[in-house]
Each structure stands twice: as C-alpha cells, then as structure tokens.
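To keep things clear, I will list the structure first and then write my remarks on it.
The values are calculated or read from the model by the stated rules, or taken from the named source; none is laboratory data. Keep in mind that this is a model prediction, so the values were computed, not measured. Neighbour counts run over all protein chains shown; Cβ positions are idealised from the backbone, glycine included. We work out accessible area using only protein heavy atoms, side chains counted, and drop any ligands, DNA or RNA first. Shrake-Rupley method; radii C 1.70, N 1.55, O 1.52, S 1.80 Å.
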Amino acid sequence: GPTMLYSKQQLEVELFIQQHFEEHIILRLALVLSDTPGDGSYLPGLLENILNGKSIHGASDYISTPVYVADACEALMCLIRNKSRGIFHVSGTEILSRLDISNMLAETLQKYMKISADIIPCKMADFALKEERPLNVSLCNKKLLKATGITLTPVQSVCENLVRKYNV
C-alpha cells in the first residue's frame with residue numbers, strides 16, 4: 001500500500017469515488033512532461049537550468065514512466081468519449097530515471113548548440129526529503145492503451161519539441 005501521506009490521501013479519495021459514484025473515471029498520472037517553455041513544469045525547468053549553467057542532480061534510482069501532457073489530455077478525452085469507467089494509469093511506456101531524462105534533454109540541446117551540461121548522477125537518498133519516497137513510481141498503461149488506442153509520444157520527441165520552441 002501507499003507509504004507517503006499524499007499517496008494515502010489519494011487512495012482515500014479513490015475509494016470514496018468508487019463507493020459513491022457508479023460512473024467514474026480515476027486517472028493515476030505518471031510524471032507529466034510539457035514542451036511549453038517557461039510553464040514552470042519539470043522539463044522546461046530542467047532546460048532553463050541547463051541553459052543557465054546550473055548543475056543538475058539526476059537521481060539514477062528514481063524511476064518513472066513519463067507521459068507527454070498532450071497525450072494525457074488525449075487519453076482523458078478518449079476515455080470520456082468511449083464512456084470508459086474505472087481506474088486508468090496515464091503514463092508513457094518508457095521506464096526512465098530522472099538521470100536518463102536529464103541526459104536525454106542535454107543531448108538533444110547539444111544537437112542545436114554548443115553547451116556543456118553539468119549533470120551530476122545521484123541517488124534519492126542524497127536529497128533531504130520530508131518523507132521517504134518509493135524509488136519506482138512507474139505505472140502500467142496497458143489498460144489505458146487498450147481502452148483508447150492512442151499512440152504515445154516518445155520522451156525524446158517531447159525533448160526535441162521543447163528545445164525547438166526555445167529557438168536555440
């Protein structure tokens with residue numbers, strides 16, 4: 001079961017919805033990646049830090065299945081259109097660490113400009129967190145893909161889109 005307070009609260013809400021609403025869709029989201037510069041989300045923030053010469057600490061042991069925000073929106077719209085019900089994991093199919101994502105973005109940026117990214121491999125234990133986090137937060141999206149038939153955008157493509165939008 002969930003170990004973090006936030007996760008426990010999520011589970012409580014899911015159970016309440018299931019018990020009180022016959023027709024429901026519950027989405028469990030993976031790390032959501034945006035290709036919109038300056039929107040304050042993970043990937044654009046990472047790019048800003050690289051461009052500003054800041055060191056990036058990439059946890060090699062924190063694993064997730066990132067999903068592109070447009071794919072997450074498309075998935076929800078398909079589920080609504082199809083009158084789907086239940087719990088769906090909205091995630092990508094690529095299993096990546098934060099270090100993998102940092103390196104992928106830096107390598108993509110280096111195709112467009114000469115820049116040296118200071119990416120420092122680390123472990124989640126190196127961060128002072130208030131609560132211990134599970135290291136593998138990857139989700140299985142097979143039910144979602146079967147219900148929607150959508151094609152997911154590879155993380156590399158999201159990185160390419162983001163870098164091109166920065167006009168570097």
Each label point is 7 Å from the Cα along the Cα-to-Cβ direction; what then is the distance between the points at E107 and N52, in nm?
-> 2.6
Carbon plus sulfur fraction of accessible area for region 2-110, probe 1.4 Å, in percent | 55
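Suppose we keep just the DSSP beta bridges with both residues in the chain; what percent of those would be antiparallel, to 5?
That works out to approximately 15 percent antiparallel.
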Grab the DSSP H runs of the chain that are 4 residues or longer, score each as -39,500 (n - 2.57), total them, divide by all residues and round the 222 nm result to the nearest 500 deg cm²/dmol.
-> -13000 deg cm²/dmol
Mean accessible area per residue over the chain (1.4 angstrom probe, all protein chains present, square angstrom) is 58
Relative compactness, region 1-82, computed as alpha-carbon Rg over 2.2 N^0.38 Å = 1.43
Using the charge dipole of region 1-66 (Lys, Arg: +1 at Cβ; Asp, Glu: -1 at Cβ; taken about the Cα centre), state which of S7, S55, T36 has its Cα farthest towards the positive end.
-> S55
Give me the Kirkwood hydrodynamic radius of the chain, using the inverse of the mean 1/r over all pairs of distinct Cα atoms, in Å to one decimal.
-> 17.4
